Amino acid sequence: MKALLKKTNRYGDMKLVEIEEPITEDDQIKIKVAYSGICGSDIHSYKGEYNNLRPPVVLGHEFSGIVVQVGKDVKGIGIGDKVTSETTFHICGDCAYCISRDYNLCSKRKGLGTQVNGSFAEYVIARKESVHILPDNVDLLSASITEPLACAAHAVLEKTNVELGDIVLVCGPGPIGLLTSQIVKARGGYVILSGLTNDKKRLKVADELGIDRTVNIEKEDLESIVRSLTNGYGVDKIFECSGSVNALDTGISLIRKKGEIIQVGIFAKPYNKIELEEIIQKEICYSGCRSQKPSSWELALYLMRTGKVNTKAIISNVYDLDDWKEAFEKVISGEGLKVVLKV
């Protein structure tokens with residue numbers, strides 16, 4: 001079968017190759033991949049910047065497809081079912097985090113597309129516990145974005161509690177920022193989504209999705225806008241989805257006392273200077289948010305089934321797997337919002 005193989009940790013060194021089709025074990029499911037989204041972590045892997053990568057490995061972990069084979073221990077899922085899958089492939093099953101189903105925190109976890117062959121291929125193997133049958137009204141292209149939606153759902157619905165009338169700042173109009181904004185809206189929050197001049201097309205998508213206020217911080221005064229909307233108090237919550245230290249520091253200055261900041265974006269460096277004094281003096285709750293867990297996927301599928309979130313709206317380009325180089329360049333250049341490979 002065709003597969004996009006990351007051969008080593010060097011920059012690039014990735015090639016579309018022919019490898020053997022994977023073999024399904026008793027508790028596994030074989031899926032014929034329909035669509036697979038390119039994640040920011042795939043770009044980091046391509047550049048050799050992702051420490052958790054274990055090459056040689058087939059990249060890709062955001063995907064949808066059709067079941068073509070099931071192991072003898074699999075119940076409730078059959079050949080022909082339209083599905084998506086969590087990224088978790090292996091866990092220890094014994095640690096406190098596995099017991100609480102916080103698989104994203106298991107230190108022995110192995111994920112699709114990083115330590116185990118992923119979805120940039122004609123077929124992918126998933127463990128039975130990770131596979132979800134799609135709602136009837138969710139098409140395969142939309143479902144290829146379930147994983148980033150689950151990450152956003154984990155941030156908005158599990159790491160905090162957005163309440164009706166909350167004024168929320170979302171930093172960064174990338175795929176995660178746009179999905180996060182939609183979920184906050186669905187919870188009854190008022191969303192201010194901030195970006196840069198280079199994000200013009202992304203901010204336009206946000207406007208089309210009905211996001212309350214989009215702000216180009218290079219042309220508008222974000223602080224004045226926030227103060228006017230909050231009677232000078234500052235926003236109730238912030239979801240930092242850009243991975244920018246400057247965005248975080250700006251957010252710290254714009255959040256109200258006793259407000260909450262959820263850090264979703266990944267910083268380029270592990271150590272950064274941030275405004276700690278204000279976190280203390282304003283009694284800000286600053287929380288990290290890593291990936292997603294099984295309950296996040298149930299929430300994501302519910303959000304798509306009920307039409308509360310439109311995942312297809314953030315897909316800017318669809319490329320054939322053979323054209324993966326052009327697709328990756330589209331993402332690296334920043335021209336593509338959410339780029340998906342059609343397998």
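The values are calculated or read from the model by the stated rules, or taken from the named source; none is laboratory data. Just so it is clear, the model here is predicted, and its values are computed rather than measured. Quick reminder, even Gly has a Cβ in these numbers, built from the backbone with ideal geometry, and neighbours come from all protein chains shown. For the accessible areas, the whole protein counts, side chains as well, though only heavy atoms, and no ligand, DNA or RNA atoms are used. Shrake-Rupley method; radii C 1.70, N 1.55, O 1.52, S 1.80 Å.
Just checking the listed ones, SER107, SER244, SER144: in the Gaussian network model of the chain with Cα springs under 10 Å, the one fluctuating most is SER107.
Restricting to DSSP H runs of at least four residues, report the calculated mean residue ellipticity at 222 nm for the chain, -39500 (n - 2.57) per run over all residues, nearest 500 deg cm²/dmol.
The helix contribution divided over the chain gives -7000 deg cm²/dmol.
Which one, GLN28, VAL70, GLY48, projects farthest toward the positive side of the charge dipole computed for segment 15-100 from Cβ point charges (K/R +1, D/E -1)? Going by the charge dipole, the pick is GLY48.
Packing order of peptides 282-293, 173-184, 26-37, highest average first: 173-184, 26-37, 282-293 (average count of other Cβ atoms within 10 Å over each peptide's residues). Quick one: pull the percentage of alpha-carbon pairs in segment 190-343 with a separation above 29 Å. In whole percent, the share of Cα-Cα pairs in segment 190-343 beyond 29 Å is 27. Estimated translational diffusion coefficient (Stokes-Einstein, Kirkwood radius over Cα pairs, 4 °C, 1.567 mPa s) of segment 89-206: 78 µm² per second.
Report the Stokes-Einstein translational diffusion coefficient (µm² s⁻¹, integer) for segment 1-59, Rh taken as the Kirkwood radius over Cα pairs, at 10 °C with viscosity 1.306 mPa s. Could the numbers behind the result be given before it?
On the way: Rh = 12.7 Å.
Roughly 125 µm²/s, to the nearest whole number.
Counting only Cβ charges, +1 for Lys and Arg and -1 for Asp and Glu, the dipole size of the chain around its Cα centre is about 160 debye.
Of the solvent-accessible surface of the chain, computed with a 1.4 Å probe and all protein chains present, 47% belongs to carbon and sulfur.
Taken over the alpha carbons of segment 259-319 as equal point scatterers, the Debye sum produces base-10 log I(q)/I(0) values at 0.19, 0.22, 0.27 Å⁻¹ of -0.94, -1.01, -1.15. Only one residue of ILE167, VAL83, CYS285 has its Cα farthest out toward the positive end of the dipole of the chain, where Lys and Arg carry +1 and Asp and Glu -1 on Cβ, and that residue is CYS285. Averaging the sequence gap over all C-alpha pairs within less than 8 Å and six or more residues apart, then dividing by the number of residues, gives the chain a relative contact order of 17 percent.
Do any GluC sites (Glu not before Pro) in segment 21-120 lie in a DSSP loop with no more than 15 other beta carbon atoms within 10 Å, and if so, which?
GLU25, GLU49
Counting only protein heavy atoms and a 1.4 Å probe, segment 252-338 has 57 square angstrom of accessible area per residue. The residues of segment 116-197 present an accessible area of 28 Å² per residue when probed at 1.4 Å with all protein chains retained. Annotation: peptides 88-96, 125-133, ranked by per-residue average of other Cβ atoms within 10 Å with the highest first, follow the order 125-133, 88-96. Taking only the Cα atoms of segment 1-149, the ratio Rg/Rh comes out at 0.96, with Rh defined as the Kirkwood radius.
Taking a cut-off of 29 Å, what percent of all Cα-Cα pairs in the chain are separated by more than that?
Considering the chain, 38 percent of its Cα-Cα pairs are separated by more than 29 Å.
For segment 239-288, taking Cα atoms only, Rg and Dmax work out to 10.1, 28 Å respectively.
Take every DSSP beta bridge whose two residues both sit in the chain; close to 55 percent of them are antiparallel.
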